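Enquirer: Dumping the structure here so I can ask a few things about it.
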Amino acid sequence: MWNFIIRRLFFTTIVLLIISFVSFALMALMPGDPVEELMMSNPSMRAEDVARLKALYGLDLPVYERYWNWLTDTLRGDLGYSRTYKVPVTDIIGDRLINTFLLSFTALGLALLLAVPIGVIAALRNGTKFDYIANLLAFAGQSLPPFWFGIMLIMIFAEWLQVLPAGGTTTIGSDATGLAALADRLKYITLPVVVFTVSQMAVYVRYTRGAMIEVMRQDYIRTARAKGLAEKRVVFVHAFRNALIPLVTIFAIALGNVFGGAIITEQVFAYQGVGKLVFDSIIGNDFRVAMVAFNITIAMVLFMNLVADVSYAFLDPRIAYK
Amino acid sequence: MNPVISVENLETSFFTKGGSFRAVNGVSFEIARKETLGIVGESGCGKSVTSMSIMGLLGGNGRVTGGDIRFKGKSLLNMKTPELEAIRGNGIAMIFQEPMTALNPVYRVGFQIDEQLMRHQLLSKKDAKEKTIEMLRLVGIPSPESRYSNYPHQLSGGMRQRAMIAMALSCDPEFLIADEPTTALDVTIQAQILELISELQQRLGMAVQFITHDLGVISEVADRVVVMYAGTVCEVATTADIFSKPSHPYTIGLLNSIPKIGEKRDRLETIPGNVPSPMRLPPGCPFQNRCPRATEQCRRERPQLEQLKEGHSVACFNKVVSA
């Protein structure tokens with residue numbers, strides 16, 4: 001098992017290096033670089049200035065040399081300087097990460113807490129009204145575009161009812177501390193959490209329901225019943241453990257995608273998270289920021305896949321890693 | 001002596017969106033202590049539905065719509081769920097056709113047997129483990145202590161079926177339903193399992209209901225045989241009579257379709273035609289469309305079971321009576 005994990009971590013690192021190079025090269029392929037953008041906003045710049053600036057920032061080097069420079073800088077802990085925010089990248093990324101983690105994990109946790117019981121009940125009452133309604137709502141939740149749903153919530157709760165703020169992360173200029181600060185954050189995070197939870201929940205309801213229906217048909221469920229076990233034990237001990245296996249897969253993938261998944265939600269609510277940061281930095285050609293965000297996302301996806309693989313071995317004794 | 005289990009005029013129906021149908025239509029039999037009743041028939045004749053009706057495990061759209069099932073004189077049909085659960089796995093146990101899928105893949109074999117002992121005999125975890133290992137040894141599983149902590153996928157098909165038998169017999173049931181327990185196994189393993197069941201039956205004094213479509217198996221294990229066709233009983237007799245003096249044309253057809261050693265044939269004998277769909281059973285005898293002896297009367301009336309002699313009954317207007 002440990003062998004397997006170490007080997008996988010090794011390959012994960014290699015994949016991470018390859019993908020970081022690819023994303024670096026793709027960023028470099030984008031038309032324009034920071035100096036060209038400077039030039040556009042300042043028509044009095046001369047060609048010599050441009051060449052000098054490019055040489056100064058190493059932008060005249062070929063892509064692989066620029067990547068090497070970036071990589072060695074990053075490994076030394078120097079994430080560079082954000083062109084658009086005019087501060088070192090390390091200064092902005094930390095807070096943004098915490099904000100996104102708060103939003104994503106609250107939403108994922110809520111989605112699981114609500115969706116798994118709903119999915120199980122829908123599966124056990126397969127074909128009843130409860131099942132139809134749960135299914136319908138799950139489809140609706142999955143098909144609602146987050147930007148539309150977010151704007152609707154803003155209209156209802158911020159515009160008409162005026163009970164929650166339309167966007168932001170905390171009240172600007174507020175110096176509240178302790179509980180008051182927490183209450184302030186809660187107010188801002190509520191709507192984004194609702195939007196993100198609804199879109200995630202839909203997926204879990206449908207997967208849980210599907211997995212449970214499949215498992216309840218198995219022969220070993222009939223055996224468990226034939227043993228005289230109470231239905232509760234049949235469902236929660238014998239069926240649920242088996243249904244967990246596919247659920248863990250999609251949950252791990254969802255965990256890996258927490259940054260990417262929240263981009264639109266963060267954008268709609270002007271929530272200062274990583275998703276919005278990535279979006280803004282790509283638009284603003286701020287590749288130092290974008291690269292950090294990319295690599296964290298990639299690392300999360302790769303790592304969560306490893307976590308999923310390892311958890312299979314715990315859930316399903318038929319899977320063993322050597 | 002009082003029978004352990006008696007099924008009287010059982011009628012089981014399924015209600016689906018496409019309509020309802022009777023899968024079992026007026027089946028009756030009794031089984032006494034230490035006796036083995038074989039139930040034979042083709043797929044879909046209602047063999048398994050009969051046993052699922054006894055177990056009370058018909059599932060969502062199946063229901064017993066008539067008749068009665070009595071276990072030691074007490075009707076199972078009027079029982080509430082907790083009462084039934086207390087009998088399932090305890091007084092009445094069942095082994096299934098597919099040992100490969102009948103055990104839960106994510107739990108240890110030992111745990112799955114312990115669970116039943118703890119449920120019915122209220123044993124402590126430690127005592128349950130002891131009893132489970134004893135049961136595993138009883139069914140001939142070598143080194144039961146280490147098999148106890150194996151997962152199902154670590155056992156072969158034959159070993160799994162032995163484990164299933166150990167599980168079924170762990171609470172000393174008085175009645176065992178064996179639903180094609182050897183069908184999925186190699187022939188050599190089959191013989192071992194059959195022997196094991198008979199041996200344990202004698203030791204524990206169980207009544208056994210043995211379901212199979214394999215007449216060879218029936219001849220080895222059963223004391224009496226019920227031949228079923230399309231949800232009804234066509235013939236009941238002792239095993240010796242079924243093989244030497246079959247009387248219903250369907251029974252004769254079944255026996256003729258077994259190839260015999262030393263006989264050279266170009267084609268194996270079959271019963272022509274198919275079992276009618278339970279949704280569209282013809283009036284009269286359900287076997288009429290495949291029967292070589294069918295007459296006008298068979299198309300109009302449904303034959304009832306009639307006694308030929310003590311212990312041998314046939315439901316046919318044109319039965320074959322041999323000397």
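Enquirer: Mind putting a number on the dipole of the protein assembly as shown about its Cα centre? Charges go on the C-beta only, +1 for Lys and Arg and -1 for Asp and Glu, and I need it in Debye to the nearest 20.
Expert: Using Cβ point charges on Lys, Arg, Asp and Glu, the protein assembly as shown gives about 1160 debye.
Enquirer: To continue, here is another question. Determine ³J(HN,Hα), in whole Hz, for all residues of the range A:248-256 in sequence, where each value follows from phi through the Karplus function 6.51 cos²θ - 1.76 cosθ + 1.60 and θ = phi - 60°; x replaces Gly and Pro.
Expert: 4, 4, 6, 5, 5, 5, 4, 4, x
Enquirer: Given a Förster distance of 25 angstrom, what is the FRET efficiency for B:E42 paired with B:L305, based on the Cβ-Cβ distance and rounded to 0.05?
Expert: 0.80
Enquirer: Given points 7 Å out from each Cα along the Cα-Cβ axis, report the A:T171 to B:K125 separation in nanometres with one decimal.
Expert: Modelled inter-label distance: 5.3 nm.
Enquirer: Moving to a separate point now. Say the cut-off is 32 Å between C-alpha atoms; which of B:K17/B:K309; B:K74/B:K319; B:K264/B:K319; A:K232/B:K129 go over it?
Expert: B:K17/B:K309; B:K74/B:K319
Enquirer: Cysteines of chain B lacking any other cysteine beta carbon under 4.7 Å?
Expert: B:C45, B:C171, B:C234, B:C291, B:C316
Enquirer: Turning to a different aspect of this structure: With an 8 Å cut-off on Cα pairs and a minimum separation of 6 or more residues, tell me the relative contact order of the range B:125-232 in percent.
Expert: 23 percent
Enquirer: Through the Karplus equation 6.51 cos²θ - 1.76 cosθ + 1.60, θ set to phi - 60°, convert the phi angles of the range B:83-93 into ³J(HN,Hα) values in whole Hz; use x for Gly and Pro.
Expert: Once θ is set to phi - 60°, the couplings for the range B:83-93 become 5, 5, 4, 6, 8, 4, x, 10, x, 10, 10 Hz.
Enquirer: Pull up all non-local amide H partners of B:T65: gap of 5 or more, or a different chain, and H-to-H distance under 5 Å with H placed in the peptide plane.
Expert: HN-HN under 5 Å from B:T65: B:E11, B:T12, B:S13.
Enquirer: Another question, if that's okay. How high is the relative contact order of the range A:68-205, in percent, with contacts defined as C-alpha pairs under 8 Å that are six or more residues apart?
Expert: 33 percent
Enquirer: Where Rh is the Kirkwood radius over the Cα pairs of the protein assembly as shown, the temperature 20 °C and the viscosity 1.002 mPa s, what D in µm²/s does Stokes-Einstein return?
Expert: Calculated translational D: 70 µm²/s.
Enquirer: Between B:E134 and B:T270, what FRET efficiency follows from the Cβ-Cβ distance if R0 is 60 Å, with the result rounded to 0.05?
Expert: Taking R0 as 60 Å, the efficiency between B:E134 and B:T270 is 0.80.
Enquirer: Taking springs between alpha-carbon atoms closer than 10 angstrom, which of A:L186, A:L247, A:L161 fluctuates most in the Gaussian network model of chain A?
Expert: Its mean-square fluctuation being the largest, the pick is A:L161.
Enquirer: Under 8 Å for C-alpha pairs, at least 6 residues apart: give me the relative contact order for the range A:1-132, rounded to a whole percent.
Expert: 11 percent
Enquirer: Any idea what Rg and Dmax come out to for the range B:177-320 if you just take the C-alpha atoms, in Å?
Expert: Radius of gyration, then largest Cα-Cα span, for the range B:177-320: 16.8, 51 Å.
Enquirer: How many percent of all Cα-Cα pairs in the range A:218-306 sit more than 22 Å apart?
Expert: Roughly 50 percent, rounded to a whole number.
Enquirer: With the crude spin-label approximation of a point 7 Å out along Cα→Cβ, what separation in nm comes out for A:I18 versus A:S41?
Expert: Each label point is offset 7 Å from its Cα along the Cβ direction, giving 3.8 nm.
Enquirer: Report the label-to-label distance for A:M155 and A:Q142 in nanometres (one decimal), using points 7 Å from each Cα along the Cα→Cβ vector.
Expert: 2.6 nm
Enquirer: Hey, another quick one. Apply the Karplus parameterisation 6.51 cos²θ - 1.76 cosθ + 1.60, with θ equal to phi minus 60°, to every residue of the range B:300-306 and state each ³J(HN,Hα) to the nearest whole Hz, in sequence, with x for glycine and proline.
Expert: Using θ = phi - 60°, the values come out as 9, 10, 8, x, 9, 5, 10 Hz.
Enquirer: Right, next: Can you compute the helix-only [θ] at 222 nm over chain B? Use -39500 (n - 2.57) per DSSP H run of at least 4 residues, normalise by all residues, nearest 500 deg cm²/dmol.
Expert: For chain B, the value works out to -9500 deg cm²/dmol.
Enquirer: Right, here's the next one. Which shape class, rounded, prolate or oblate, goes with the range B:241-318 when its Cα gyration tensor gives a ≥ b ≥ c as root eigenvalues, a/c under 1.5 marks rounded, and past that a/b bigger than b/c marks prolate?
Expert: Note, shape of the range B:241-318 comes out oblate.
Enquirer: Largest first and to the nearest Å, give the Cα extent of chain A along each principal axis.
Expert: Extents along the principal axes, in whole Å: 86, 58, 37.
Enquirer: Right, something else. Check A:Y271: other-chain or 5+ apart residues with amide H under 5 Å from its amide H, H built from backbone geometry?
Expert: Correct list: A:G168.
Enquirer: Going Cα to Cα from B:K126, which lysines come in below 21 Å? Please leave out same-chain ones fewer than 8 positions away.
Expert: Straight-line reach from B:K126, under 21 Å: A:K227.
Enquirer: Convert 10 °C to kelvin, take the viscosity as 1.306 mPa s, use the Kirkwood radius over C-alpha pairs of chain B as Rh, and evaluate the Stokes-Einstein diffusion coefficient in µm²/s, rounded to a whole number.
Expert: Approximately 76 µm²/s, per Stokes-Einstein.
Enquirer: Ratio of alpha-carbon Rg to the 2.2 N^0.38 Å globular estimate for the range B:1-119, to two decimals, please.
Expert: 1.15
Enquirer: Using the beta-carbon distance between A:E231 and A:I133 and R0 = 25 Å, what value does 1/(1 + (r/R0)^6) give for FRET efficiency, to the nearest 0.05?
Expert: Computed FRET efficiency for A:E231 and A:I133 comes out at 0.65.
Quick note: the coordinates plus some simple rules give every number you see, no bench work behind them. These numbers come from a predicted model, not from an experiment. Counting neighbours? That spans all protein chains shown, and the Cβs are built from the backbone with ideal geometry, glycine included.
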